[in-house]
Amino acid sequence: MYELKTKENDNSVIEFIENVESLKKREDAYKLLEIFTETTGYPAKMWGPSIIGFGSYHYKYASGHEGDAPLVGFSPRKAKISLYFATGDTERERLLEDFGKYKTGKACVYINKVADIDVNVLKALINQSVKFLKETYPEQ
């Protein structure tokens, strides 16, 4: 059976950030940690080896696949910083119009540095993602 790799764990968020090679990315990770913590009200938790997540929700697809995931999160990766927001939310696309310099993948929004984005739009994206996921996957 498929085993989900990205699970919440007790690894230290601060230790993970301290091990980010680039000083600039490390500084941005601390800025994002503060913004996400303040905006969500949730403590930061490690999900898998490299995602810092906030809150969690349980999803179940029609296929029967189910699991837990963070409501929002980020990861200071080597190439870019990955931001994790809800997928499938049309409001996300509207908010991204005023976000600044970014790229998107299937589930991620990628930025080079915090200075490239509008922090107020980031906070709106965080709040919208949490709201969307709580409405889409109400707690059982």
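The values are calculated or read from the model by the stated rules, or taken from the named source; none is laboratory data. Predicted model only: the values in this text are computed from it and were never measured. Please note: Cβ atoms are built from the backbone with ideal geometry, for glycine as well, and neighbour counts cover all protein chains shown. Ligands, DNA and RNA are excluded from the accessible area calculation, which covers all protein heavy atoms including side chains. Shrake-Rupley method; radii C 1.70, N 1.55, O 1.52, S 1.80 Å.
Residues in segment 56-85 that are assigned to a loop (DSSP other than H, G, I, E, B), under 13 Å from the mean Cα position of the chain (by Cα) and polar (S, T, N, Q): 1 in all. The residue list LEU71, LEU95, LEU122, LEU133 contains one member that is modelled with pLDDT of 90 or more and within 26 Å of SER22 (Cα to Cα), which is LEU122.
Only one of the listed residues (GLU66, GLU34) is open to solvent by 70 Å² or more (accessible area, probe 1.4 Å) and out of contact with any Phe, Trp or Tyr (no Cβ under 9 Å at 6 or more places or on another chain). That residue is GLU34.
Identify the residue in segment 46-55 that is among the small types (Gly, Ala, Ser) and within 12 Å of LYS7 (Cα to Cα) and, among all such residues, is nearest to the chain's Cα centre (by Cα). So that I can check it myself, show each step before the final result.
Step one: list which residues in segment 46-55 are among the small types (Gly, Ala, Ser), which gives 48, 50, 53, 55.
Within this subset, residues satisfying the condition of being within 12 Å of LYS7 (Cα to Cα) are 48, 50, 53.
On the way: GLY48: 13, SER50: 11, GLY53: 6 Å.
The residue in question is GLY53.
Take segment 98-117 and flag every residue that is modelled with pLDDT of 95 or more, under 25 Å from SER22 (Cα atoms) and surrounded by fewer than 14 Cβ atoms within 10 Å (Cβ to Cβ). If the condition is that a residue be modelled with pLDDT of 95 or more, under 25 Å from SER22 (Cα atoms) and surrounded by fewer than 14 Cβ atoms within 10 Å (Cβ to Cβ), then LYS101, LYS103, ALA115, ASP116 are the ones that fit.
Scanning segment 44-55 for residues that are surrounded by fewer than 19 Cβ atoms within 10 Å (Cβ to Cβ) and outside any strand (DSSP E or B) gives GLY48, PRO49, SER50.
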